[in-house]
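Encoded as C-alpha cells, the structure appears first; notes follow it.
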Amino acid sequence: MDTLLIEKHVKYIQSLGENTDDLMYHMTAHLRLNAIYWGLTALCIMGRPDALVKEDVIEFVMSCWDDDEGAFGAHPGHDAHILPTLSAIQILTIYDALDRADTKRIVTWVAARQNPTGSFSGDQWGETDTRFAYIAVQALELLGRLDAIDKDKAVAHINRCKNFDGGFGATEGAESHAGQIFVCTAALAILDRLEDIDQPTLAWWLAERQLPNGGLNGRPEKLEDVCYSFWVLSALSILHKLKWIDSEALVKFILSAQDPDGGGVADRPGDMVDVFHTCFGICGLSLLGYPGVHEINPIYCLPADVTRKKGLHMDYEVLGKDET
Amino acid sequence: MSHGVKRTREAADVLAARREKERSKLQAYLELTDDVVARKRAAVFTQECFDLTTKLLGLNPELSSVWNYRRLILLNALFPNLSPEGTFSLLQSELNFTTGALKQYPKTYWIWNHRRWCLAKVPPGPEGAPVEKSWKRQVWARELFIVERMLDADARNFHAWNYRRYVLASDPGLRSPEDELAYTKKKIEASFSNFSAWHQRSKVYSALWEEGVSEDEVRQVKDAEFELVQQALYTDPGDQSAWLYHRWLIGNGDDTAVLKREIANIEELLAIEPDSKWCLESLVHYKRLLAARSQPDEAAQLSDLKKECNTMLSKLQTIDPKRKARYQELVL
C-alpha cells in the first residue's frame with residue numbers, strides 16, 4: 001500500500017451510519033457525535049466535504065442537545081459533556097451552521113466549567129483534565145467568546161501540568177503524554193502563550209517518539225499507534241519542527257495501517273480500523289504534505305479553509321509548502 | 001476506538017450469521033438502554049432503577065450518563081434513608097462494583113471518576129476513633145492496595161498512576177515520601193524502561209526539595225540517584241527512560257562539577273558502546289550546557305566543546321537518520 005485509498009475511505013466513512021443492526025454500533029453510542037466530527041473532518045481533508053448529507057448531520061447534532069444543561073451530549077438522551085459539545089460546535093462550524101445552536105447558552109455552560117484553580121471540568125460532576133481546558137478554549141474561540149473565561153488562570157493551570165521533559169500531563173503531577181501535549185500546545189497557541197513552552201526540550205521529546213518502523217508512540221518506551229501521528233505532529237507543526245522526524249517513514253507507516261479492502265485506517269498494520277484512527281491518520285498525512293489531500297489546521301484539528309474563513313490562528317507548519 | 005484488535009474479514013454469510021446470533025442480545029441491550037434513558041428523563045429515583053443501571057453499566061461502562069443517573073439515585077433515594085454505617089456499606093459495595101469493572105476496562109475514564117466520587121462521599125466514621133481506625137483511612141488504604149495491583153498488571157497505565165497520586169494526596173498519612181521513593185525504586189528495578197516510575201520519582205523528590213532542603217542534602221541524594229541511573233544506562237544504553245531521568249537530575253547544569261563528572265561517566269560508556277545514540281545525544285546536550293556556562297577566559301575550552309559537539313552531531317546524523325534535520329540544526 002503506497003497510496004492513500006481515498007475512495008475506499010470515503011465509502012467506509014459513509015457506511016458508518018448504516019451498521020445499525022450491529023451490536024458494536026450501539027455499544028459506541030457514547031462516541032457518536034465525536035465519530036461524526038472525525039468522519040466529517042477526514043472527508044474534508046480528502047476533499048469530499050459533501051460526502052455526508054449535511055442537513056441530516058446537522059439535524060442529528062441538534063438532536064444531541066441537552067436542554068436541561070445547555071450543551072451537547074454524545075447521543076440523543078445522553079447528558080451534556082464538554083467532549084461532545086466541542087464536536088458539535090466543530091461540525092456546525094464546518095457546515096457554517098452555528099446559527100442553529102443556542103450559542104449564548106453554550107458559552108455560559110462552557111465558561112462555568114472553569115474551576116477556581118483555572119482548570120476545567122468535563123461536566124458538572126467535576127473530572128478535570130487538560131483536554132477539557134483545550135476544548136473550552138477552542139469552543140469559546142470558535143464562538144468568538146474567549147473573553148468568557150479567566151485566560152491567565154487557564155494558562156497558569158496548563159503551565160502547572162508541565163514536566164521537566166517539556167511535555168504536559170492530564171493533571172498536575174501527571175506524566176507527559178503526546179495527546180495531552182497536543183491539547184496543551186494548541187490551547188497555548190490559541191491563548192497566544194506559546195512562549196510559555198520550553199520549545200527546544202518539547203520538540204526534542206516529540207521527535208524521540210518516532211520508532212524504527214516509522215510510527216510514533218505517545219510516551220517513552222511504548223508502542224507506535226497511528227493516532228499519535230496527529231498528536232505528535234500537530235504539536236511539532238505548531239512549534240515549526242516537523243522536519244525533526246522522518247516524514248517519509250511516517251507516511252509509509254500510516255499508509256500501511258489502511259484496510260485495502262474495506263477502507264479506513266487502524267492503530268497499526270493488520271488491526272481493525274475505526275473512524276478515530278482514520279481521521280488522525282489522514283490529518284497526519286495532511287501535515288506531512290501528502291499529495292492530493294487538503295490542509296488541516298492542527299491548532300483546531302479543523303480544515304484550514306474553515307479556520308481561514310473565520311480568521312482564526314494560522315501559525316503552523318505544513319511540509320512541502322511555504323510556511324503559513 | 002479500537003486498539004490492538006486484529007483485523008478479520010467476515011464473509012457476507014458469516015456476518016449475517018453473527019448478526020442473527022447477536023440479534024436477541026442487541027434487542028435486549030437496546031430495550032434496557034431505552035428503559036434507563038426514559039426513567040432518567042422522568043427523574044425516577046428508585047432501587048429498581050439503580051439495579052437497572054448496574055445491569056446496563058455491566059454491559060457498557062462507557063455510558064457516562066448512566067453513571068450520572070446512578071449517582072443521582074444514590075443522592076436522592078438511597079443515601080437519605082441510610083445511617084452513616086449504611087452509607088459506608090453501600091459505598092463499599094459501589095467501590096467493589098467499580099473494581100470489577102476496572103478489571104475488565106482498566107482505561108475507562110468514567111469508572112475511575114465514579115470511584116473518586118464515591119470516596120468523596122465516605123462519612124468520617126465513629127467519632128473519637130484513632131486515625132488508623134477511621135473509615136477514611138480504611139478506604140484509602142484499600143484504594144492504594146487496589147491501584148498497586150493494577151500497576152502490577154500494567155506498570156504504565158497512566159490512569160492508575162494518576163489515580164495513585166490522587167490517593168496519596170487525599171491521605172498523606174498513608175505513605176511517607178520515603179515509602180513512595182521505595183515504591184518507585186521497586187518499580188524501576190523491575191523494569192528500567194518504566195518511565196512512569198522514573199517520572200513519579202522526580203515528582204516525589206521535587207516536592208521534598210520544595211519543602212526546604214539544604215543544597216548539600218540535595219547533592220547527596222542526587223549522587224545516589226546518579227548511581228541508580230548509571231545501572232540502568234549500562235543495562236540498556238538504548239532505553240530512553242533512564243536518559244530522561246538523568247537529564248532531570250542534571251537540570252540546567254548549574255553544578256558544573258557534577259556536569260563534568262557525568263560527562264566523563266557517559267564518555268566511559270561511549271567508549272564501550274561507540275554507536276550509542278543516547279550517549280552521543282546526551283553528551284551533545286551536556287557539553288552545550290557546559291559551553292553556555294564557560295567563562296570569558298575559557299575561549300579555548302569553548303572552542304573545543306563546540307568542535308566536539310559538531311563531530312558528535314555529524315555522527316548522530318549517520319547513526320540516527322530519522323532525526324537528521326534536528327542534528328543539522330544543532331550544529332554550531
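Any read-out appearing in this document is the output of simple, stated calculations on the displayed coordinates, not a laboratory observation. Keep in mind that this is a model prediction, so the values were computed, not measured. For neighbour counting, all protein chains shown are included, and Cβ atoms are generated from backbone atoms with ideal geometry for every residue, glycine included.
Rounded to the nearest 20 debye, what is the charge dipole size of segment A:6-309 about its Cα centre when +1 sits on each Lys and Arg Cβ and -1 on each Asp and Glu Cβ?
About 720 debye.
Could you derive backbone 3J(HN,Hα) for segment A:125-138 from the dihedral phi with the Karplus parameters 6.51, -1.76 and 1.60 (θ = phi - 60°), listing whole Hz in sequence and x where the residue is Gly or Pro?
Computed from phi, the couplings for segment A:125-138 are 8, x, 4, 10, 6, 5, 4, 5, 5, 4, 4, 4, 5, 5 Hz.
Which is farthest toward the positive dipole end of chain B among B:His285, B:Pro237, B:Pro123, measuring Cα position about the Cα centre, with Cβ charges +1 (Lys, Arg) and -1 (Asp, Glu)?
B:Pro123
With +1 on the Cβ of every Lys and Arg and -1 on the Cβ of every Asp and Glu, and nothing else charged, how large is the dipole of the protein assembly as shown about its Cα centre, in debye rounded to the nearest 20?
600 debye
Hey, what number do you get for chain B at 222 nm if only DSSP H runs of n ≥ 4 count, each worth -39500 (n - 2.57), divided across all residues, to the nearest 500? Mind showing how you got there, number by number?
On the way: 15 runs with 242 residues, N = 332.
That calculation yields -24000 deg cm²/dmol at 222 nm.
Taking chain B as the reference, fit the longest principal axis to its C-alpha atoms, fit the long axis of helix B:299-319 to the helix C-alpha atoms, and give the angle between the two in degrees, 0 to 90, nearest 10.
Roughly 50 degrees, rounded to the nearest 10.
Between B:Ala224 and A:Asn115, take the C-beta separation as r, use R0 = 56 Å, and let me know the FRET efficiency to the nearest 0.05. Don't jump to the answer; show the numbers that get you there.
Numbers: r = 39 Å, r/R0 = 0.69.
In this case the efficiency is close to 0.90.
Over 35 Å, how big is the tail of the calculated P(r) for segment A:6-309, in percent of all Cα pairs?
14 percent
If you rank B:Val331, B:Val284, A:Val232 by fewest surrounding Cβ atoms within 10 Å, what's the result?
Sorted ascending by nearby Cβ count, the order is B:Val331, B:Val284, A:Val232.
Could you work out the mean count of beta carbons from other protein chains within 10 Å of each residue's beta carbon in A:267-279?
Numbers: counts 5, 5, 1, 2, 6, 7, 3, 4, 1, 3, 3, 0, 0.
Across the residues of A:267-279, the mean count of other-chain Cβ atoms within 10 Å is 3.
Among A:Ile197, A:Ile245, A:Gly218, pick out the residue whose Cα is farthest towards the positive end of the charge dipole of segment A:111-245, where Lys and Arg carry +1 and Asp and Glu carry -1 on C-beta, about the Cα centre.
A:Ile245
Name the most mobile residue of A:Arg268, A:Arg100, A:Arg32, meaning the one with the largest mean-square fluctuation, in a Gaussian network model of chain A with Cα contacts below 10 Å.
A:Arg100
Note down, for the protein assembly as shown, the three equivalent ellipsoid semi-axes (square root of 5 times each alpha carbon gyration tensor eigenvalue), biggest first, whole angstrom.
Result for the protein assembly as shown: semi-axes of 42, 34, 23 Å.
Given contacts defined as C-alpha pairs under 8 Å and at least six residues apart, what's the relative contact order of chain B, whole-number percent?
8 percent
Taking the 0 to 90 degree range and rounding to the nearest ten, how far is the long axis of helix B:12-41 tilted relative to the main principal axis of chain B, both from C-alpha atoms?
For helix B:12-41, the angle is close to 70 degrees.
Any chance you could run the full-extension gain for B:Arg142 through B:Thr311? It's 0.36 nm times the residue separation minus the Cα-Cα distance, nm to one decimal.
Full-extension gain reported as 55.3 nm.
Mind listing the phi-derived Karplus ³J(HN,Hα) values for segment B:113-130, rounded to whole Hz, using 6.51, -1.76 and 1.60 with θ = phi - 60°, and x for any glycine or proline?
Using θ = phi - 60°, the values come out as 4, 5, 4, 4, 4, 4, 5, 5, 8, 5, x, x, x, x, 5, x, 6, x Hz.
Top mean-square fluctuation among B:Lys260, B:Lys287, B:Lys21, Gaussian network model of chain B, C-alpha springs under 10 Å?
Sorting by GNM fluctuation, first place goes to B:Lys21.
Starting with the fewest neighbours, write out B:Tyr105, A:Tyr228 ranked by other beta-carbon atoms found within 10 Å of each beta-carbon.
B:Tyr105, A:Tyr228
Residue farthest toward the positive end of the dipole of segment A:6-309, with Cβ of Lys/Arg at +1 and Asp/Glu at -1: which of A:Met62, A:Ala80, A:Pro269?
A:Pro269
So what is the relative contact order for chain A, in percent, with contacts set as C-alpha pairs under 8 Å and at least six apart?
Details: 574 pairs, mean separation 55.7, N = 324.
Relative contact order for chain A comes out at 17 percent.
In peptide A:227-237, what is the residue-averaged number of other protein chain Cβ atoms found within 10 Å of each Cβ?
If you average over the peptide's residues, the count of other-chain Cβ atoms is 0.
What is the sum of charges around B:Asp179, taking Lys and Arg as +1, Asp and Glu as -1, for the other residues whose C-beta is under 11 Å from the C-beta of B:Asp179?
Here the charged neighbours net out to +1.
Take peptide A:164-175, look around each residue's Cβ out to 10 angstrom, count Cβ atoms belonging to other protein chains, and average those counts.
Whole-number average of other-chain Cβ neighbours for A:164-175 is 6.
Taking only Cα atoms and a 10 Å spring cutoff, compute GNM fluctuations for chain B and point out the largest among B:Thr235, B:Thr184, B:Thr54.
Largest GNM mean-square fluctuation: B:Thr235.
Where does helix B:240-250 land angle-wise versus the long Cα axis of chain B, in degrees 0 to 90, nearest 10?
60 degrees
About the Cα centre of segment B:25-69, what is the dipole size in debye to 20, counting +1 per Lys and Arg Cβ and -1 per Asp and Glu Cβ, all else neutral?
That gives segment B:25-69 a dipole magnitude of about 60 debye.
Can you tell me the Rg and Dmax of chain B, counting just the alpha carbons, in angstroms?
27.7, 84
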